[in-house]
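Taken together, the values in this text are just the output of simple stated rules run on the coordinates, not laboratory data. Being a predicted model, the structure only gives us computed values, none of them experimental. Please note: Cβ atoms are built from the backbone with ideal geometry, for glycine as well, and neighbour counts cover all protein chains shown.
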Amino acid sequence: MKIKAKIIAFFMLFALILQFFTLVNQKQTAYSILKKQVDPYEAMITIEANSGRILYAKDEHKRLPMASTTKILTAIVAIENCKDLDKKYEIPKSAVGIEGSSIYLKAGEHLSIRELLYGLMLRSGNDSAVAIAEIISGSVPKFVSAMNKKCEMLGLKNTHIVTVNGLHDENHYSTASDLAKISAYAMKNSEFAEIVSTKEKTISSEFDKKYGYRYLKNKNKLLNMVNGADGIKTGYTTKAGKCFVGSSTRNGMRIISVVLNAKSTFNEAADLIQKAFSEYKMTKLFSKGNLLETEITNGKNKQKIPVIIPNDIVYPLKDKEMLDITARLELKENLTAPIKKGESIGELKIKQENNLIFSEKLYTIKVDKIKEENYFKKLVEAF
């Protein structure tokens, strides 16, 4: 009887332990589901493109599949490696019948790279991506190699490209931060910016006897949702979820917002962009041609050195942040006489709450000869 009682007690204890772990697992599962319902996106970043300042971010360095936002990189690499965007090329068989979104290319028809880029960026044509790669590089792997080299050039350490169109591959990934940098770079190209801001376009359809053209309507709904919207690219796969990179420009300030695996890409990006424009404005800290003066001393006499700021220095700031801006001219070490006109003698470093936000080399304009002796530098407040 005692043995029987011990066996019963053991099984009761085992049942209690099993129930405990089941409850814990249920709670964790419920928490995960709730978290997914609450979080509007898995990763996000919103930047001001010209300065690169990060305005808002969440898990921006997390490596994730990015679906067809890959085509931002495909497009800029194509533009930079094509001498004539309007030259017609024959579509290869390898670009026909590609899975997913398509502009229904046919082997043997002729389109220009520009037309294929419209098909790529407006309708997210996976076949366009393959055609572009084959025409420009001779093969998809060679074009992918060029895309990865561009990532290296831009300093993107968390992006690796396997496909030209963003179709899923375990080794194909990026981050919200890297996509924002790629997009800011691409939007400086006028050809790229023109294409992604286009709402509708007609391109060739050589074998279409009825119409003779393809009508393309941009999938990017942000273009009709936000004032100043001018790009950039949608994306979706089952594994990546809904992805989007949006852009809007007002009064010289371009806001780029990236959302990955989002519930509502256009709404989320629109809200972030509108918030950025309401909270920040581009503030000119110095104007091109502004003069500053510094002083070099050799123990016997002092020489005032006028220096010139070569470019406008503009940065996105909230109104209250202006109070936290400081600037300092830092001279080069071991300056030797004579100081010549047009010589870089140091850097103007601008900080916001002790964080370096901008640096610019400064150059002399007109300087009298100074006796060549040992000099020491002196830091001069710019303001």
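Working note: Cα gyration tensor of region 134-210, eigenvalues times five, square-rooted, sorted largest first, giving semi-axes of 26, 18, 12 Å.
For the residue pairs 263/318; 71/239; 106/199; 71/281; 318/351; 71/275, the C-alpha atoms sit more than 20 angstrom apart in 263/318; 106/199; 71/281; 71/275.
Residues in region 255-265 carry Karplus couplings, in order, of 9, 10, 10, 10, 10, 10, 6, 9, 6, 9, 4 Hz; the curve used is 6.51 cos²θ - 1.76 cosθ + 1.60 with θ = phi - 60°, and Gly or Pro positions show x.
Applying 1/(1 + (r/R0)^6) with R0 = 30 Å to the Cβ-Cβ distance of residue 209 and residue 99 gives a FRET efficiency near 0.65. The distance linking region 259-297 with region 36-109 is 24 Å (Cα centroid to Cα centroid, whole angstrom).
Computed from label points 7 Å out along Cα-Cβ, the spacing between residue 86 and residue 61 is 4.6 nm.
Ordered by the count of other Cβ atoms within 10 Å of each Cβ, fewest first, 54, 182, 98 give 54, 98, 182.
Annotation: amide H of residue 314 within the under-5 Å range of 285, sequence separation 5 or more or interchain, hydrogens built in the peptide plane.
Counting neighbouring beta carbons within 10 Å and listing from fewest to most, the residues 210, 281, 219, 71 come out as 210, 281, 219, 71. Once the Cα-Cα distance is subtracted from the 0.36 nm per residue extended length, the residue 171 to residue 17 segment shows a gain of 51.4 nm.
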